[in-house]
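Engineer: Below you will find the structure I want to go over with you.
Coordinate-derived values only; no laboratory data. Quantities reported herein were computed from a predicted structural model and do not represent experimental measurements. With ideal geometry, Cβ positions are generated from the backbone for all residues, glycine too; neighbour counts draw on all protein chains shown.
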Amino acid sequence: MTMSNTDDYLRINELKNYLYCPRISYYGLCLRLDRETHLSSGGIRAEASTKEKMKRRKGALHAIHAGEREFDVLVVHEGLRLIGRLDEVVRTAEGVYLVDYKDTDKDYGYWGVQMMAYRLGMEASGEQVLGSSIYSIPKQSYTEVKPTSRQRQQLEEAVQALAQMVAMERCPAATDHCGKCQSCQYARFCNDVF
C-alpha cells in the first residue's frame, strides 16, 4: 500500500489528542489549525533524542535478550483506516514486541487505546504481537500495556466519533477536566470554558 492510498486515513497519534480532549482533534482536523507549543515541541525533541540513544543500546526492552530492533515502523490498519509510525518494534523468532516512547510518566487514559491501534495494525499485516510497552522518557522505564476488550471498544468508538466529527464539522463538547485547558494550545478558542 502506498502512502497516496492512505491520505484520508486517521493518524494513530490523533487518538491521543481526541481522548485527551475532543476539541484538540476538531481544531486540527476540521479547522486545520496547527498550534505548536513549548510542551509539544519539547516532547518531539525528547522523543527524537531518546530514539538516537536507543539505537546505540544493545539490549532491547532489557528483558528480551535476542531481538532485532526496528525504529519508526509504519503501521496501517485498512479496516479502521488508521496509519501511524510506531517508535520501536523488537522482532524475535516468536513474534514482535511493540514500544511507544512518551515524554511523560503519566497516562492520561490513552496509552492502552493507542497501543491497541498499533497492535491491531501489526496483526492485520500478519505479525504475531507478543507484547507492548510504553517507554517513559522521564523515568527511563518501561510499562507493559496489556490489551483489553475495553481498549478495543474505546478505539472503535473514538475512530467512529472522529470520522463523524470530520464529516459533519461539528465542534464537540469540551473536556470535563478543565485543568487540562491550562496548558492547551487552543485554550483561547474555547470561550465557553473560561
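Engineer: Modelled label-to-label distance, residue 107 and residue 72, 7 Å Cα→beta-carbon offset: nm?
Structural biologist: 2.8 nm
Engineer: Multiply the residue separation of residue 123 and residue 173 by 0.36 nm, subtract the distance between their alpha-carbon atoms, and state the gained length in nm to one decimal. Can you show the working numbers first?
Structural biologist: Details: separation 50, 0.36 × 50 = 18.00 nm, distance 3.37 nm.
The residue 123-residue 173 span can extend by a further 14.6 nm.
Engineer: Of the trypsin sites (Lys or Arg not before Pro) in region 69-128, which ones lie in a loop per DSSP and count no more than 15 other C-beta atoms within 10 Å? Don't jump to the answer; show the numbers that get you there.
Structural biologist: Values: sites: 69, 81, 85, 91, 102, 106, 119; in loops: 81, 106.
Filter output for region 69-128: 81, 106.
Engineer: Kindly provide the GluC sites (Glu not before Pro) of region 71-179 that DSSP labels as loop, not H, G, I, E or B, and whose Cβ sees at most 13 other Cβ atoms within 10 Å.
Structural biologist: For GluC sites (Glu not before Pro) across region 71-179 that sit outside H, G, I, E and B with at most 13 neighbouring Cβ atoms in 10 Å, the list reads 94, 169.
Engineer: Based only on other Cβ atoms within 10 Å, what is the fewest-to-most ordering of 177, 77?
Structural biologist: Numbers: 177 11, 77 23.
Fewest to most other Cβ atoms nearby, the residues stand as 177, 77.
Engineer: Would you please give the FRET efficiency between residue 143 and residue 193, computed as 1/(1 + (r/R0)^6) with r the Cβ-Cβ distance and R0 = 45 Å, to the nearest 0.05? Provide the component values of the computation, followed by the final result.
Structural biologist: Values: r = 31 Å, r/R0 = 0.69.
Approximately 0.90, to the nearest 0.05.
Engineer: Can you bin region 81-174 into rounded, prolate or oblate? Criterion: square roots of the alpha carbon gyration tensor eigenvalues sorted a ≥ b ≥ c, rounded for a/c under 1.5, prolate for a/b above b/c, oblate for the rest. Walk me through the numbers before you get to the answer.
Structural biologist: Values: a/c = 2.32, a/b = 1.44, b/c = 1.61.
Oblate, since a/c reaches 1.5 and b/c is not below a/b.
Engineer: Quick check: from the Cα gyration tensor, does region 123-194 come out rounded (a/c under 1.5), prolate or oblate? Provide the component values of the computation, followed by the final result.
Structural biologist: Numbers: a/c = 2.95, a/b = 1.45, b/c = 2.03.
The shape class here is oblate.
Engineer: Can you list the chymotrypsin sites (Phe, Trp or Tyr not before Pro) in region 65-161 that are in a DSSP coil and have 13 or fewer other beta carbons within 10 angstrom?
Structural biologist: Hits after loop and neighbour filter: 108.
Engineer: At 7 Å along Cα-to-Cβ for each site, give me the label-to-label distance between residue 152 and residue 81 in nm.
Structural biologist: Computed distance between label sites residue 152 and residue 81 equals 2.2 nm.
Engineer: Right, here's the next one. List the lysines whose Cα sits under 23 Å from the Cα of residue 180, skipping any in the same chain fewer than 8 residues away.
Structural biologist: The qualifying lysines are 16, 102, 106, 139.
Engineer: Report the local net charge at residue 127: Lys and Arg +1, Asp and Glu -1, summed over other residues whose C-beta lies under 12 Å from its C-beta. Provide the component values of the computation, followed by the final result.
Structural biologist: Numbers: positive: 91, 119; negative: 70, 94, 123.
Net charge in that neighbourhood comes out at -1.
Engineer: Residue 69's amide H: which non-local residues (gap 5+, or another chain) put their own amide H closer than 5 Å, with H modeled 1.01 Å from N in plane and none for Pro or chain starts?
Structural biologist: Hits under the 5 Å cutoff: 91.
Engineer: Another question about this same structure. Over 21 Å, how big is the tail of the calculated P(r) for the chain, in percent of all Cα pairs? Intermediate results must be reported in sequence, preceding the final value.
Structural biologist: Numbers: 10111 of 18721 pairs.
The proportion of pairs with Cα distances above 21 Å equals 54 percent.
Engineer: Same structure, new question: Using a 10 Å cut-off around each Cβ, can you sort 178, 30 from fewest to most neighbouring Cβ atoms? Numbers along the way, then the final one.
Structural biologist: Working: 178 13, 30 17.
Ascending number of Cβ neighbours within 10 Å: 178, 30.
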